[in-house]
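Step one of this worksheet: look at the structure below.
Just so you know, all these numbers are worked out from the coordinates, no wet-lab data involved. Bear in mind the structure is a predicted one, so any value in this text is a computation, not a measurement. Glycine gets a Cβ as well: all are built from the backbone with ideal geometry, and neighbour counts include every protein chain shown.
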Amino acid sequence: MFQFSLGLPARSRYLWRVTAKPRPTDESAEIRLPEPFVRWFATKGWAPRAHQMELLAQAQAGQSVLLIAPTGAGKTLAGFLPTLTELAERPKRRPGEGHRGIHTLYISPLKALAVDIERNLGKPVEEIGLPVTIETRTGDTPAHKRQRQKLVPPDILLTTPEQLALLIAASDARRFFEDLRYVIFDELHSLVTSKRGHLLALGLARLRTFVPDLRAIGLSATVAEPDELRRWLVSQNPLHHAPPSGLPAISPSRGEIRPTLAPPSIADGRERVAPRKLLISPLEGEMAGRLEGGVSASPAKDDRLAGLITVAGGAKPDISILDSRERVPWAGHSARYAIAEIYEAIRQHKTTLLFVNTRSQAELLFQELWRANEDALPIALHHGSLDVGQRRRVEKAMADNALRAIVATSTLDLGIDWGDVDLVVHVGAPKGASRLAQRIGRANHRMDEPSKAVLIPANRFEVLECRAALDANYIGAQDTPPLLDGALDVLAQHILGTACAAPFDADLLYEEVTSAAPYAGLDRQTFDRVVDFVATGGYALKSYERYARIRRTREGLWRVTHPRIAQQYRLNIGTIVEMPELNVRYVRQGRVAGYGGRVLGKVEEYFAETLRPGDNFLFAGKVLRFEGIRENECIVSGGGGKTQIIVPSYAGGKFPLSTYLADQVRAMLADPDRWHTLPEQVEDWLRLQREKSVLPMRGDLLVETFPRADRHYMVAYPFEGRLAHQTLGMLLTRRLERANARPLGFVATDYSLAVWGLDDMGALFAAGKPSLGALFDEDMLGDDLEAWLNDSWMLKRMFRTCAVIAGLIEKRFPGQEKTGRQVTVSADLIYDVLRSHEPDHILLQATRADAAAGLLDVSRLADMLSRIRGRIVHKRLDQISPLAVPVMLEIGKESVNGEANETLLMEAADLVEEAMGAGLAGGSR
Amino acid sequence: MNLAIRTTAILPADLVTVAGERAVCDPRGVLYFPELSLLAVSDLHLEKGSSLARRGALIPPYDTAATLARLQAVIADYAPRIVISLGDSFHDGEGASRLHDDFRERLEQLMAGRDWFWIAGNHDPDAPADLPGETVRELAVASLVFRHEPSKGQAGGEVAGHLHPCARIVQRGRSVRRRCFAGDGSRMIMPAFGAYTGSLNVLDRAYAGLFNRESLVAYMMGKDRIFALPGAMLRAG
């Protein structure tokens, strides 16, 4: 297999793959499949698929493997086949022999998925007649069952990343996992992109320390860079498993000495040969081979890469963009204009899955659909803030084919088995080509039949974006985000967890940690600082030595100082830090004081705080009347009436436009020959823009300036996504202010950015005061960014997350909120104090790294600024241009953000002063 | 995201009256009575960081430094003859004995040349170890009484702390919460000054019966000025 890029910018993540060297398929017959399996496949009238046999072969050869396959390709069975065949041939347990440990660990991002797999795997196991026990272990597993699992472990344990972290932090961890042969990661592409993935990678490294020849199997949807996942699955540090000075590994839990299972060390610099046993892989000696049915495979030629098996997508999905009879709006995200057409599509299909990008959009769309639902079709709503019970009911109804349509957010993105969906409607732009492909994959679980999907752009720019995504989907382009370096707050959590299990040696732990792909580049000094942080907070002022959480013993091992530390650790495990939320409890109107009533789900605290009793808001598909806040609950009753209905907004959940799609949209704008694929009204819009202003070349940045009413505007079109634009907006306004251009504010969308002010910025730019080149100079990412960042509420929010993950402050639990505020110290206060006294503290470093990568998208902004250097096209206009309309419509629509609190206070105080005179503030001024 | 940018001249600190005594309500969280040359500050909670560290929460040990630096700034500005620390000056009874020598020296320098009163608080009922100043339960000056916990019911001329008041308003659909001075003309409850102190909404039931609701004003602390907002505009929670 080889790869070549398509001559796109070097940083583009778009790669095209071609498989070379076909391999005769009959060789797969050499792979050993135990007799009961052969019989089972025969009774089913099936044949094992090529990728299933290939995976078996590679795993049997002792290799870790990544399987990339579309939904419906039999991925799960493939992943478990090595386990099941091995267990089938395992000798029966002799009387008196102790219980065997876990043989295979399966880890999925969702509890629901683990439960689903238990059901789906149980069936073949039973039919083949295998003596295999399968159990789940999640947050919902009762304590007595967990305890029993520790004593009598199942052969296969299905669990989540958080549970794995808990298991390896237990004092019996090494013994519990000593029989482990396989670990299977499902939906690996979605696990690896977050801090959850970092914690999981560290967990895998720990497991490899327990069991050096452990084989990892990753199951994934198509990604842009499979090698990143291949590295993730195997050790990146050749030193890691080398037993010290040729001594046999000692299993301390039982005190017995057993020969090491570690593959030969490559400490002497020679290339290590992947250990192979029993059967020679049919691929031996070849780089890659093509198997039947679009399957290609390459064994690991490098021992820092897992083997790779790729199954090409099944039938091409049938995707179209809605060419609406109605006028596509300039701006907005509701797609309300297309409701009649969406409803018609639902009527014409058996089951329709409607995806939206945010929970607010889900609520709105659901409401609009029911308004149009003349036939009273069963249409349901599913998003992450709804009560779990409600979500399970919807999922079950869907699996039973009792629903005609489900409005859902990304909570339904992952591979749960969903009845017979025959249409996917994507409302709003997909934001990424790979995201779109994965969502459409939901439509049909039989890979050989085409999925059918309709994209509904909510505004005109989204038409362009949908078109770009559709083209990308057609050619199979992938734009999954690149993996990030391991976060230091996660590492701190893992180090404390390691100490909770047993005292550790820092040298050995460093080797282990750097064997995990996300931490492969971690330097020893940083690692030691994190250990120091875990021990005493890592402050330059060494005043907490006597309160240390872990301390070095005389033997040089780091040991937990108090059992309480381990208890606290277990309560605070994990990397998912929620914003403070309130339960939404439904009561009879006016009955705030009473108890009882149904919980509908959760809203974020800051939203509930903006409501007044009597306000109506949309939640869980209902119009609710806000009654009040009681402890940690938001009390509501049935709403209605003529008052305005508010839609809750949720932090996060808004994905920025992918770099790949952004580039495609710019390309489309620059190329009038491609406009005919767009709806006529959109084509007209672009044509008009070309007449009245200009359309930028693909690599250029267009900046328009024009007056309107008594203000002057500057609109720039970087197409780099809302996050990067917000950061850019903050920095530009700072600079304009310094240049005395008197900016008043800005607004950012995924596509463009508008700044307004009192002075004619066009004239200033023309006179070079400042020039646009200077205004957009990359140096804005230096001091300006630093200065702004430090005061940013976004950074404070991220600091809180880091502080919780790193174990500096504890998670908030329901019911604790009220008292919590007074007893503990808020993360904001800690941030302020730490920043002014020790700005280089490791936790601030971790926070800044998060900010640069995530919320602020600084790296993307940096790429953009370097790309457009010398390529800024300035167009001075007398009036607003057609392309500027969408962003101009956003002005004043979105609420003012955290930074402007001071302004809001001033406004409120001014109002009071205006109404009541200046007397109030002074009493006697 | 929308951001309105507005520049305003910094207003002088607001003047208020408590039972007829004029005071400057300083946005940094202190109350200064010019006629009495008296500065009141409340709930310093010094050594809260080390207090929590003893229980395993290793939050940065810089709160005492931060609090003292701010205190130093206001004392330098007003140069008061009398300073009253309204209780909970230390987060716990041993706080003063944990005080780093540098901080002890800084504190002593601040105290030098003026009358310094430690009001006993619930966190620090006894006199702070090895520090000058006089420790009292409450202190009467002119028409005012300074004490840590506000007394129940109507009390003319009281300045207290303990409750860590904050206030919240909603403007343009956004919630803004700030620490505040809470007063109704006859009683003033001061915001907590310490770097690690949290706050409690003035509409919470802990404040029940303390204020005449009609004349309650929350003096919310802005970056450079105080925003005076009447009780009717405030929100609970």
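Tabulated results
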{"read-out": "Cα long-axis angle, helix B:63-78 against chain B (0 to 90 degrees, to the nearest 10)", "value": "70"}
{"read-out": "Pairs beyond 23 Å (Cα-Cα), from A:Lys123/A:Lys350; A:Lys796/B:Lys223; A:Lys145/A:Lys195", "value": "A:Lys123/A:Lys350; A:Lys145/A:Lys195"}
{"read-out": "Cross-link reach list, aspartates and glutamates versus A:Lys452, counting only Cα pairs under 13 Å and skipping chain neighbours closer than eight places", "value": "A:Asp318, A:Asp420, A:Asp422"}
{"read-out": "Relative contact order %, the stretch A:694-897, counting alpha carbon pairs below 8 Å whose residues are six or more apart", "value": "32"}
{"read-out": "Inter-label distance for B:Arg54 and A:Arg867, nm, one decimal - labels placed 7 Å from Cα along Cα-to-Cβ", "value": "5.7"}
{"read-out": "Centroid-to-centroid separation of the stretch A:130-159 and the stretch A:337-389 [C-alpha atoms, Å]", "value": "38"}
{"read-out": "MRE, 222 nm, helices only [DSSP H, n ≥ 4, -39500 (n - 2.57), over chain B, to nearest 500]", "value": "-4500 deg cm²/dmol"}
{"read-out": "Average other protein chain Cβ within 10 Å of Cβ, residues A:608-615", "value": "3"}
{"read-out": "Nearby aspartates and glutamates by direct alpha-carbon distance to A:Lys875 (threshold 14 angstrom, same-chain neighbours under 8 apart not counted)", "value": "A:Glu691, A:Asp700, A:Glu704, A:Asp760"}
{"read-out": "Dipole in debye (nearest 20) - the stretch B:14-233, about Cα centre, beta carbon charges: Lys, Arg +1; Asp, Glu -1", "value": "1060"}
{"read-out": "Summed side-chain charge close to B:Asp26 - residues other than B:Asp26 whose Cβ falls under 13 Å, Lys, Arg +1, Asp, Glu -1", "value": "+2"}
{"read-out": "Over 26 Å between alpha carbons, listed pairs A:Lys431/A:Lys811; A:Lys542/B:Lys48; A:Lys431/A:Lys769", "value": "A:Lys431/A:Lys811; A:Lys431/A:Lys769"}
{"read-out": "Protection proxy ranking of B:81-87, A:485-491, A:95-101, A:759-765 - average other beta-carbon atoms within 10 Å, highest first", "value": "A:485-491, B:81-87, A:759-765, A:95-101"}
{"read-out": "Cα-Cα P(r), the stretch B:14-233, percent of pairs per 10 Å interval", "value": "8, 36, 37, 17, 2, 0"}
{"read-out": "For residues of B:194-202, the mean tally of beta carbons on other chains within 10 Å", "value": "4"}
{"read-out": "Ranked by how many other beta carbons lie within 10 Å on average, peptides A:563-571, A:131-139, A:39-47 from highest", "value": "A:131-139, A:563-571, A:39-47"}
{"read-out": "Protection proxy ranking of A:146-154, A:364-372, A:794-802 - average other beta-carbon atoms within 10 Å, highest first", "value": "A:794-802, A:364-372, A:146-154"}
{"read-out": "For the stretch A:581-646, convex hull volume per residue from C-alpha positions, Å³", "value": "74"}
{"read-out": "Shielding by other protein chains, A:544-551, mean Cβ within 10 Å", "value": "3"}
{"read-out": "Cβ-defined net charge surrounding B:Gly95, 9 Å radius [Lys, Arg +1; Asp, Glu -1]", "value": "-2"}
